[in-house]
Amino acid sequence: ETAIGAISCGGFGGLCEIVTGKNIVYTDVGGTILVIGRVFSMETGDDLTAAALEKHAIVGPPAPETPDKRVSWGSLPKDAAIVRNEGAPHSIAVFSDLNCGYCHQLNAELRSLDDVEVHEHLVGILGGDGQATSVWCADDRHAALDAAYRRESLPPADCDTDALKRNTGFFTEQNFYGTPVI
């Protein structure tokens, strides 16, 4: 029942571009799949979705420069992170989703830093928070987190997940849109 403003099926490798209100989505010609996200040219690296948004006047003028947005350490959700290298001289907070490929890459890098205390706040914005719940409810959260990053399946779990809800609430209140957020 979504209103469609325009459809174009040329130039997207078999995908059709569909303008729906202030969004652009993609589907195959038969309408059997729906892709929500950005489309990039592999040849030029151009963001084809950004160009389409501009073409359809969905994107307004660029936002004015804003100062670097920083979040104070004290405002982070309390007791809602898995902490690694506790007591290390440097600290970093990361909001990550276990379904996020970039989060997996970042985790590998962060694990190699012995002098950094990592506070990992799990959120479930990419396909739900089932894995995050399994990690959070595990008896050994560190081992479960490592297993999740190795893409091992974790058993379903049930416990108080208020911390995960606070992480997700903070994530959205801060207008964070993708993971990882450092």
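The values are calculated or read from the model by the stated rules, or taken from the named source; none is laboratory data. This one's a predicted model, so the numbers in the text were calculated from it and none came from an experiment. Positions of Cβ are generated from backbone atoms using ideal geometry, with glycine treated the same way; all protein chains shown enter the neighbour counts. Only protein heavy atoms, including side chains, enter the accessible area calculation; ligands, DNA and RNA are left aside. Shrake-Rupley method; radii C 1.70, N 1.55, O 1.52, S 1.80 Å.
Go through the stretch 136-156 and count every residue that is of a type outside the set (D, E, K, R), more than 26 Å from Glu173 (Cβ to Cβ) and either crowded, with 18+ Cβ neighbours inside 10 Å or out of contact with any strand residue (DSSP E or B) (no Cβ under 8 Å at 6 or more places or on another chain) (or both).
9
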Do we find a residue being under 25 Å from Gly169 (Cα atoms), aliphatic (A, V, I, L, M) and touching a residue at least 24 places away in the same chain (Cβ under 8 Å) anywhere in the stretch 55-69? no
If we ask which residues in the stretch 90-105 are part of a loop (DSSP other than H, G, I, E, B) and out of contact with any Cys (no Cβ under 9 Å at 6 or more places or on another chain), their number turns out to be 3
Could you check how many residues of the stretch 73-86 are open to solvent by less than 70 Å² (accessible area, probe 1.4 Å), of a type outside the set (Lys, Arg) and more than 18 Å from the chain's Cα centre (by Cα)? 4
With respect to Asp160, determine if the residue is within 16 Å of Ala81 (Cβ to Cβ) and loosely packed, with under 14 Cβ neighbours inside 10 Å. yes
Residue list for the stretch 1-35, restricted to those being small (Gly, Ala, Ser), open to solvent by 60 Å² or more (accessible area, probe 1.4 Å) and farther than 17 Å from Glu54 by Cα: Ala3, Gly13, Gly30
Take the conditions touching a residue at least 60 places away in the same chain (Cβ under 8 Å) and closer than 29 Å to Gly37 by Cα and apply them to Asp97. Does it pass? yes
Does Leu154 qualify as being free of Cβ contacts under 8 Å to residues at least 24 places away in the same chain, within 21 Å of the chain's Cα centre (by Cα) and assigned to a loop (DSSP other than H, G, I, E, B)? yes
Is it fair to say Thr172 is within 17 Å of Gly127 (Cβ to Cβ), outside any strand (DSSP E or B) and in contact (Cβ under 8 Å) with a residue 12 or more places away in the chain? no
Under 7 Å between Cβ atoms, at least 6 apart or on separate chains: pull out the pairs that start in the stretch 28-47 with a residue that is without any contact (Cβ under 8 Å) to a residue 40 or more places away in the chain and on the phi < 0 side of the Ramachandran plot and end on any residue that is surrounded by 10 or more Cβ atoms within 10 Å (Cβ to Cβ) and acidic (Asp, Glu). Arg38/Asp47; Phe40/Asp46; Phe40/Asp47
Which residues, counting only those in the stretch 106-135, are under 21 Å from Pro155 (Cβ atoms), open to solvent by 40 Å² or more (accessible area, probe 1.4 Å) and assigned to a loop (DSSP other than H, G, I, E, B)? Leu126, Gly127, Asp129
Kindly list, by first and then second residue, each pair from a residue in the stretch 104-122 that is over 18 Å from Ala143 (Cβ atoms) to a residue that is among the acidic types (Asp, Glu), limited to pairs with Cβ atoms under 9 Å and residues at least 6 apart or on different chains. Glu117/Glu86
